[in-house]
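For reference, the structure discussed in these notes is given below.
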């Protein structure tokens, strides 16, 4: 397998521009590792590359879902591998860029075999009927070790754990040990973007201002004409606050402040996750020359 580059970092750190710089210099194409950019029409809030940038550098896994179908790590892994194979077959370099940390990790660590007995939507309905405490007790009984790693309020990981258990017939801890990745054997070049915390938060606040100025509220209003509020991307940063504003629950200024605050909190969680990855080489986010030089050196040593 050919080497695969991952460019990672918190929201607002400049991943898109770093990936574009690397793609231009090294003959690369970009695979998006973003759980919202896969949805067509959800453009401003997900920070997609501009149409001009996407014409200059081919992008993959953007705008591939036109409805409200659920997208998950398993589907990402399948499509990302197919895209990387296609890119490599044309002598190009696959550059993965995005802030969905789980997607980046499963490319390396893989996923376990999983059938489909119960859906995420069914588990959400069960949570509404029985309560989150009851679902958490189910997890405690089947996998107490994993239950201790999460809280009853961590609804995303709790739902995923129960989804694993009911679809694989295994406790999550056991299922994780069976993980396999189609990228096994591929060398990964992992580049992290470092930004000082205060500077990052200023960049995040400015990014939110730009999103609103570019029409995030109007985009959300238009999307509601063809998508129900239950559509998965409406639960993501930016869109959920825009929805609250359109429902009359908060003012535009309150929506802006909430998006900024929630984005800063999300960036902090991303950094915690990424810092646990020991094979990442960190660079100042704007030092594209050093980033490209590092990737080029790694590619040379991999030959």
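If you check 49, 18 for being in contact (Cβ under 8 Å) with a residue 12 or more places away in the chain and buried (at least 23 other Cβ atoms within 10 Å of the Cβ), only one passes: 18. Restrict the check to region 161-173 and report whether at least one residue is surrounded by fewer than 17 Cβ atoms within 10 Å (Cβ to Cβ) and outside any helix (DSSP H, G or I). Yes; the residues of region 161-173 include at least one that is surrounded by fewer than 17 Cβ atoms within 10 Å (Cβ to Cβ) and outside any helix (DSSP H, G or I). When the test is whether a residue is part of a helix (DSSP H, G or I) and touching a residue at least 40 places away in the same chain (Cβ under 8 Å), residue 75 does not pass it. Can you confirm whether residue 25 is in contact with a strand residue (DSSP E or B) (Cβ under 6 Å, 6 or more places away or on another chain) and either assigned by TED's automatic domain parsing to the domain that holds residue 89 or buried (at least 20 other Cβ atoms within 10 Å of the Cβ) (or both)? When the stated conditions are applied, residue 25 does not pass them.
Conditions (1) assigned to a strand (DSSP E or B); (2) under 15 Å from residue 13 (Cβ atoms); (3) free of Cβ contacts under 8 Å to residues at least 12 places away in the same chain, marked per residue:
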site	(1), (2), (3)
186	no, no, no
192	yes, yes, no
199	no, yes, yes
218	no, no, yes
223	no, no, no
227	no, no, no
245	no, no, no
250	no, no, yes
256	no, no, no
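Name the pairs: first residue in region 99-110 and at positive phi, second residue part of a helix (DSSP H, G or I), Cβ to Cβ under 9 Å, at least 6 apart or on different chains? Between residues of region 99-110 that are at positive phi and residues that are part of a helix (DSSP H, G or I), the close pairs are 110/77. Hey, among the residues in region 17-53 that are within 13 Å of the chain's Cα centre (by Cα) and not in a loop (DSSP other than H, G, I, E, B), which one's nearest to residue 293 (Cα to Cα)? Across region 17-53, the extreme among qualifying residues is 31.
Taking into account only those residues within region 244-279 that are closer than 30 Å to residue 3 by Cβ and crowded, with 17+ Cβ neighbours inside 10 Å, which is nearest to the chain's Cα centre (by Cα)? I'd like the intermediate steps shown before the answer.
Within region 244-279, the subset closer than 30 Å to residue 3 by Cβ is 266-267, 269-279.
Filter again for crowded, with 17+ Cβ neighbours inside 10 Å, leaving 266-267, 270-271, 274.
Working: 266: 12, 267: 12, 270: 10, 271: 13, 274: 12 Å.
The selected residue is 270.
Could you please let me know if residue 183 is out of contact with any helix residue (DSSP H, G or I) (no Cβ under 7 Å at 6 or more places or on another chain) and under 24 Å from residue 76 (Cα atoms)?
Numbers: out of contact with any helix residue (DSSP H, G or I) (no Cβ under 7 Å at 6 or more places or on another chain): no; under 24 Å from residue 76 (Cα atoms): yes.
The answer is no for residue 183.
The values are calculated or read from the model by the stated rules, or taken from the named source; none is laboratory data. Note that the structure is predicted; figures quoted are calculated from it, not measured. Every residue, glycine as well, gets a Cβ built from its backbone with ideal geometry; the counts of neighbours run over all protein chains shown.
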